[in-house]
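Engineer: Take this structure, written in structure tokens, and hold onto it; I'll ask about it next.
The values are calculated or read from the model by the stated rules, or taken from the named source; none is laboratory data. This structure is a prediction, so every number in the text was calculated from the model and none was measured. Cβ atoms come from the backbone with ideal geometry, glycine included; neighbour counts cover every protein chain shown.
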Amino acid sequence: MLLEELLQNLNGIRTDALAALQSAKTDAEIEDVKNRTLGRSGAVTALREVMAKIPPESKREAGMAFNETKNAIQNALNEARERNASATEAAEAIDVTLPGRRPAAGRLHPLTKTIQECCAIFRRMGFVAVTGPELEDVWHNFDALNAPLNHPSRDPQDTFYMPDGRLLRTQTSAVQIRTMTGMKPPVRIISPGRCYRRDTPDATHGVHFHQIEGLYVDTSVSLADLKSTLMTFAGEYFGREVAVRMRPSFFPFTEPSVECDFSCVMCGGKGCGVCKNSGWLEIAGAGMVNPKVLENVGYDPREVCGFAFGFGLERLAMLKHRIGDLRLFSDNDIRFLHQF
């Protein structure tokens, strides 16, 4: 009777274990079957006590049944583990027919956006964008622009000179000289680019900065044309409500010269800390091209005249995007750049 009871128990445990392993989907379910059958407190292990009570003549048959049950469950456990591992690998396998993952696309730097926007505005007014070398010679950067020999900008404390006498351009006006010496009027260009000056970096100054300068030379150009050009730009870039005014000034390459102010975009011209309560922001230097500059490039000032102007691009971007520190443009802080 004891042998029959043992065989029935072993057969029941084996049947239940094989069925449970057949439907097991996870490693946890497989381990649970193992613990319930072959673990220290498992059903098969518990039958060892019954084996000790089996009569000697029946021990051989009981032992074979015990080992067969244990081996059958162990084999089923191994198969379940392999099946589960294959299913996991299949789920994690790469499907080469699927489209690839798109890399995170970068964005244009805010200064690049400013340059593109300014160029687009001036192109709509008929200007053509031109560029020139950043490493310039003294004639294009100073002499041809009528800068006196004792002008402060020529001083090595303000300008980066190379051992061969060349320099890092201090203004993109040198591009205007190169353009005029290479073509006849009419000339209608803008010249965006990087400039360099010896300066102590702070919130409003830097060793390198960007300018965009404009030049229009033809047979009949006036200050009225200059003002209308700047008013159109101000309205396009900052909004139609922005006003423009001109104040007399002096630059060696223009005569007469003016400082161009836009009404403060921060306070709407009412007065604030940014505009020092004046309601105006100094934006550009401009004027009619000095006749000496026209002569230096081979033009006859009795036949042609023109105007020129220049903006600091960082200043434009800072005002439009409410940026308080110029150094943010070159710090490469990803938190700052993500805003654009």
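Engineer: Being in contact (Cβ under 8 Å) with a residue 40 or more places away in the chain and assigned to a strand (DSSP E or B) is the filter; apply it to the range 233-257 and report the residue that is surrounded by the most Cβ atoms within 10 Å (Cβ to Cβ).
Structural biologist: If we take residues in the range 233-257 being in contact (Cβ under 8 Å) with a residue 40 or more places away in the chain and assigned to a strand (DSSP E or B), then 254 is surrounded by the most Cβ atoms within 10 Å (Cβ to Cβ).
Engineer: Give me the helices (runs of 4 or more DSSP H) completely within the range 258-340, filtered to those with at least 2 residues that are touching a helix residue (DSSP H, G or I) at 6+ places or on another chain (Cβ under 7 Å), ordered by residue number.
Structural biologist: Working: elements: 291-296, 313-321, 334-337.
The qualifying helices (runs of 4 or more DSSP H) are 291-296, 313-321.
Engineer: Now for a different question. Write out, first by first residue and then by second, each pair whose Cβ atoms fall under 9 Å of each other, whose residues are 6+ apart or on separate chains, and whose first residue, in the range 290-302, is without any contact (Cβ under 8 Å) to a residue 24 or more places away in the chain while the second is surrounded by fewer than 14 Cβ atoms within 10 Å (Cβ to Cβ) and acidic (Asp, Glu).
Structural biologist: Final answer for the pair search is 301/295.
Engineer: Is it the case that some residue within the range 214-224 is at pLDDT 90 or above, β-branched (Val, Ile, Thr), surrounded by fewer than 17 Cβ atoms within 10 Å (Cβ to Cβ) and in a helix (DSSP H, G or I)?
Structural biologist: no
Engineer: Quick one: which helices (runs of 4 or more DSSP H) sit completely within the range 96-192 and have at least 2 residues that are over 34 Å from the mean Cα position of the chain (by Cα)? Write out each step before concluding.
Structural biologist: Numbers: elements: 110-124, 138-141, 173-182.
It comes to 138-141, 173-182.
Engineer: Hey, residue 141 hits all of (1) in contact (Cβ under 8 Å) with a residue 24 or more places away in the chain; (2) surrounded by fewer than 19 Cβ atoms within 10 Å (Cβ to Cβ) but one; which does it fall short on?
Structural biologist: (2)
Engineer: Considering only residues that are of a type in the set (S, T, N, Q) and over 24 Å from residue 204 (Cβ atoms), which ones fall in the range 291-340? Write out each step before concluding.
Structural biologist: If we filter the range 291-340 for residues that are of a type in the set (S, T, N, Q), which is where we start, we get 296, 330, 332, 339.
Once the filter is applied, which keeps residues that are of a type in the set (S, T, N, Q) and over 24 Å from residue 204 (Cβ atoms), the range 291-340 yields only 296.
Engineer: Can you find a residue in the range 159-170 that is farther than 25 Å from residue 299 by Cα, among the basic types (Lys, Arg) and out of contact with any Lys or Arg (no Cβ under 6 Å at 6 or more places or on another chain)? Let's see the steps before the verdict.
Structural biologist: We begin by selecting, within the range 159-170, every residue farther than 25 Å from residue 299 by Cα; these are 159-168.
Restricting the remaining residues to those that are among the basic types (Lys, Arg) gives 166.
So of that shortlist, the ones also out of contact with any Lys or Arg (no Cβ under 6 Å at 6 or more places or on another chain) come out as 166.
So far as the range 159-170 goes, yes, one or more of its residues are farther than 25 Å from residue 299 by Cα, among the basic types (Lys, Arg) and out of contact with any Lys or Arg (no Cβ under 6 Å at 6 or more places or on another chain).
Engineer: Which one is nearest to the chain's Cα centre (by Cα), of the residues in the range 9-53 that are farther than 15 Å from residue 84 by Cα and of a type in the set (Ser, Thr, Tyr)?
Structural biologist: Once the filter is applied, the top-ranked residue is 37.
Engineer: Could you tell me whether residue 257 is modelled with pLDDT of 85 or more and either touching a strand residue (DSSP E or B) at 6+ places or on another chain (Cβ under 8 Å) or over 30 Å from residue 148 (Cα atoms) (or both)? Spell out the reasoning first.
Structural biologist: Values: modelled with pLDDT of 85 or more: yes; either touching a strand residue (DSSP E or B) at 6+ places or on another chain (Cβ under 8 Å) or over 30 Å from residue 148 (Cα atoms) (or both): yes.
Taking the combined requirement at face value, the residue satisfies it.
Engineer: Go over the candidates 182, 165 one by one and state the one that is on the phi > 0 side of the Ramachandran plot and small (Gly, Ala, Ser).
Structural biologist: Working: 182 fails: on the phi > 0 side of the Ramachandran plot.
Answer to the selection: 165.
Residue-by-condition table, conditions (1) assigned by TED's automatic domain parsing to the domain that holds residue 180; (2) touching a residue at least 60 places away in the same chain (Cβ under 8 Å):
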residue: 71; (1), (2): no, no
residue: 75; (1), (2): no, no
residue: 84; (1), (2): no, yes
residue: 99; (1), (2): no, no
residue: 105; (1), (2): no, no
residue: 115; (1), (2): yes, yes
residue: 120; (1), (2): yes, no
residue: 134; (1), (2): yes, yes
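Engineer: Scan the range 142-149 and give yes if some residue there is modelled with pLDDT of 90 or more and at positive phi, otherwise no.
Structural biologist: yes
A quick yes/no check of all residues on (1) surrounded by 23 or more Cβ atoms within 10 Å (Cβ to Cβ); (2) within 18 Å of residue 219 (Cβ to Cβ); (3) hydrophobic (A, V, I, L, M, F, W, C):
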| site | (1), (2), (3) |
| --- | --- |
| 284 | yes, no, yes |
| 292 | no, no, no |
| 295 | no, yes, no |
| 301 | no, yes, no |
| 308 | yes, yes, yes |
| 311 | yes, no, yes |
| 322 | no, no, no |
